[in-house]
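So the structure is just underneath, and the comments pick up after that.
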Amino acid sequence: MFSRAKLTLQICTNIYYLCMKRNKTLLTGLLSIAVLAGIGMQSAVPVTSKISTLKATAPATELTIYWIDTEGGAATLMVTPAGESVLIDTGNPGERDAARIFEVASQVAGLKQIDHLVTTHWHIDHYGGAAELAKKIPILEVLDKGVPDKLTEDANFAANIKAYQEMAVQKRTRIKPNQVLKLKALAKGLPNLSLRFVGVDKAFATVTKKTPNGAGCEDTKDKPADTSDNANSTVLVMNYGAFRFFDGADLTWNIEKSLICPQNLVGTVDVFQVNHHGLNQSNNPVLIQSLAPTVSIMGNGTRKGCGPETITALRNTPSIQAQYQLHKNLRPDSLFNTPNTYIANLKQNCNANYLKLTVAPDGKNYTVSIPATNHQKTFTTKTTH
Ligand SMILES: [Zn+2]
């Protein structure tokens, strides 16, 4: 039997989806009626969430990427012009991050399901929210590099990963290097869209026809070997027309170099998701300078990421026009920050504001925005990569 709370939740959810199909005025009207009638709308949205920008979107016609704030974890949601969704990582365990991802996916992006979930590696700030999220929204396919029996750096790995292994999904796929994620065809006239796994478990594939020699390979010094699963991160590149986006997850310094030296296997990109939340163990300048992005986006926390070496490497990359951060670095070394206008969340107790990127239908330019602050800036896609 349905409990009263469950029934209320179902009614509220139905009202919400009904409204999403109509228009915003109707949405506002019905929400007001629901509140006046004493129906607890709180139960329709996760109680822990404070995301303020409630925006129902029309069916997707543009490639959109959202960086959802998981306080130093990772959750990057892409929605293709065909309305198909690819979520890269799910933040930390517990209600908070899953609720934030669900809210952006369902209420901002208007999704009814996650078509593909990619888990880049076996650290809990990347797979932690998956099982909780699967309870809120159907996840059709999960792609990962295969769950190991144990993880040296996580004594509780077997217990931590259990919910992920047991969550209900339709399909599980093991990622191989150079594998292409099959995506739905786009409407006629739109550019080609592809998502390729450039590397996994330190095995990399060449993804460009031209493979220029990496610049600055001789000058870069190695750091102590990284034996953690960060070094095994899944690396992907998304192409939409001329537009290119790079997500290297938590790849670390020496492995980043092997992606570039002696040959640049990736080519250049437009947008670089800063590796490993911006920590100094990652973001080898030889990688950043060789990718030569126009925009960098860092999924950092208030005290995680924004490493001085990383910020310096970004500042010293001449191609970069704007550095975005999900959070302001609130440590004493606050000079290692981008200007406030490029930061989604400035305070410790934040509203979990997300960053959004929309690529124009022809792929020739793209706009990065922080909907909560009304910031937006348009960039021209590189004509050659
Ligand atoms: Zn991480």
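Take every Cα pair under 8 Å whose residues are at least 6 apart in sequence, average their separation, divide by the length of the stretch 52-380, and the relative contact order is 15 percent.
Would you please give the FRET efficiency between Glu95 and Lys182, computed as 1/(1 + (r/R0)^6) with r the Cβ-Cβ distance and R0 = 30 Å, to the nearest 0.05? It comes to 0.40. In this structure, Thr367 and Ala155 have a Cβ-Cβ separation that, at R0 = 56 Å, corresponds to a calculated FRET efficiency of about 0.80. Put the Cα centre of the stretch 273-313 next to the Cα centre of the stretch 243-259 and the gap is 10 Å.
Here the gap between Ala163 and Lys202, fully extended at 0.36 nm per residue and compared with their Cα-Cα distance, gives a gain of 11.4 nm. Each peptide in 245-251, 369-375 gets a packing score, the mean of other Cβ atoms within 10 Å over its residues, and the list from highest to lowest is 245-251, 369-375. For the pair Lys347 and Val147, a Förster radius of 30 Å applied to the C-beta separation gives a FRET efficiency near 0.25, rounded to the nearest 0.05. Ordering of 356-363, 106-113, 300-307, 118-125 by packing is 118-125, 300-307, 356-363, 106-113, highest average first (other Cβ atoms within 10 Å, averaged per residue).
Output needed for the stretch 125-209: three equivalent-ellipsoid semi-axes, defined as square roots of 5 times the C-alpha gyration tensor eigenvalues, in descending order, whole Å.
Details: eigenvalues 161, 78, 16 Å².
The answer is 28, 20, 9 Å, longest axis first.
Determine the shape class of the stretch 52-380: with a ≥ b ≥ c the square roots of the Cα gyration tensor eigenvalues, call it rounded for a/c under 1.5, and otherwise prolate if a/b is greater than b/c, oblate otherwise. Provide the component values of the computation, followed by the final result.
Details: a/c = 1.16, a/b = 1.10, b/c = 1.06.
In terms of gyration-tensor shape, rounded.
Which pairs in the list Lys112/Lys150; Lys182/Lys202; Lys176/Lys347 are over 29 Å apart, alpha-carbon to alpha-carbon?
Lys112/Lys150; Lys176/Lys347
Read the figures in this text as sums done on the coordinates, not as results from a lab. Keep in mind that this is a model prediction, so the values were computed, not measured. Virtual Cβ from ideal backbone geometry, glycine too; neighbours counted across all protein chains shown.
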